[in-house]
Each structure stands twice: as structure tokens, then as C-alpha cells.
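Where a number appears in this text, it was derived from the coordinates with a stated rule and is not lab data. Keep in mind that this is a model prediction, so the values were computed, not measured. Please note: Cβ atoms are built from the backbone with ideal geometry, for glycine as well, and neighbour counts cover all protein chains shown.
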Amino acid sequence: MAVLRKFARPLLASTFVVGGYAALRSPDAQAPDVTPTALPLTERVLRLPQDAEQLVRITGAVQLGAGGLLALGRLPRAAALALSVSLLPAVLAVEPWWTIDDPDERARQRARFFAVLSALGGVLLAAADTHGKPSLAYRTRQGTRHAADGLADGVRDLAGGVRDRLPIS
């Protein structure tokens, strides 16, 4: 499985690295596609710039940086999580293909929509990949059990010590 990860992560990351680089180089090319969904999003989320080109640059920087980290295997789960968050605006930006009348345009938008969903699924799988190590939830449960067992043993020892000191008549 380790060999598979060494190949799969860079392959998955390649689309984000290339797309992030393109967004940083020419955000004006993507800004018109982003504007209809970006502006309502910026009104709801504080500290996001109102400028569509700036949002494209931020998304591009996240995708380039997180894609590079994922490709190199550095902080892969955090990088994959950042990539999944960066894809959410892309999912929202795709036109509702089911409302388009032109069959060719509908097919193009549908393919784009499912490509973005596929990438989202891939990075979510990468974010959940623990590389054979126990997950944080498992380690938390084990630690809680261990602490509870230690506490129960301590209470039993304390109760036994108190019982030994009591005069029984």
C-alpha cells in the first residue's frame, strides 16, 4: 500500500498544482466563472475579499500549496482537507447542468460537475487515509479507556485502604 500511496498522491495532486498555478498566473480568466457564486459567498463568510480575482488567487494559492504538500507526502491529510475545502466553491460555481437546454453545453457542464465531484471524493479519501496508523478517534477512545481503567483501579485501591483501616466489630 505504501508504494501505491507514493504514486497515487502525486497523481491526485497534479490537477490541483496545475490549476492553482494557472489561477495565480491569470486570475482574470477564471474570475467571470466565479463571480456569480463568489459574491454571495463573500457576503456570508467574513474576511473574504469581495473581488472575484482575489478569491481566485487565494484558491489558486491554496491548491498550489496543498497540492504540492500532498504530492510530496508532507502533511498529506491536512493538505487533502485543505484541497477539499478549496473545491467547495468550484462545486457551487458549476452551472446547474440539468437546467441547460443546449444538449452539447449540458453534456459539457455535466462532465465538469462530475469531474469536480470526483476530485472531491479523491481528496476526501486522501484526508481519511491514516497510512496504516490508528486514527485520532481510535487513539482518543483508547486513551479514554486507559484513563478510566486507571481511575477505577485507583478508586478500588483507595476503597481497600479505607476498609483496612476501619475497625470492624
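Helix 52-72 and the longest principal axis of the Cα set of the chain meet at an angle near 50°.
If the segment from A128 to E105 were pulled out straight at 0.36 nm per residue, it would be longer than the present Cα-Cα gap by 4.8 nm. A crude spin-label estimate for the pair R112 and W97, with each label 7 Å from Cα along the Cβ direction, gives 1.0 nm. Using the average count of surrounding beta-carbon atoms within 10 Å as a protection proxy, the listed peptides 149-156, 122-129, 107-114 rank, highest first, as 122-129, 107-114, 149-156.
Please compute the alpha carbon radius of gyration of the stretch 104-150, then divide it by the globular-protein estimate 2.2 N^0.38 Å. Two decimals is fine. Cα-based Rg divided by the globular estimate yields 2.08. Mean separation of Cα pairs under 8 Å and 6 or more residues apart, divided by the residue count, gives the stretch 2-135 a relative contact order of 27 percent.
Extension gain for L24-A147 works out to 39.3 nm (0.36 nm per residue, less the C-alpha to C-alpha distance). With only the Cα atoms considered, the stretch 1-88 has a convex hull volume of 87 Å³ per residue.
Can you check how the C-alpha radius of gyration of the chain compares to 2.2 N^0.38 Å, as a plain ratio? If you can, show how the numbers build up before the last one.
Values: Rg = 25.3 Å, N = 169, 2.2 N^0.38 = 15.5 Å.
Cα Rg divided by the expected 2.2 N^0.38 Å: 1.64.
Counted by Cβ distance under 15 Å from R139, the other residues give a net charge of +4, where Lys and Arg count +1 and Asp and Glu count -1.
Only Cα sites of the stretch 58-141 enter the Debye sum here, all with the same form factor; the resulting log10 I(q)/I(0) across q = 0.18 1/Å is -0.80, listed in q order. Relative to the dominant Cα principal axis of the chain, helix 76-93 is inclined by about 40°.
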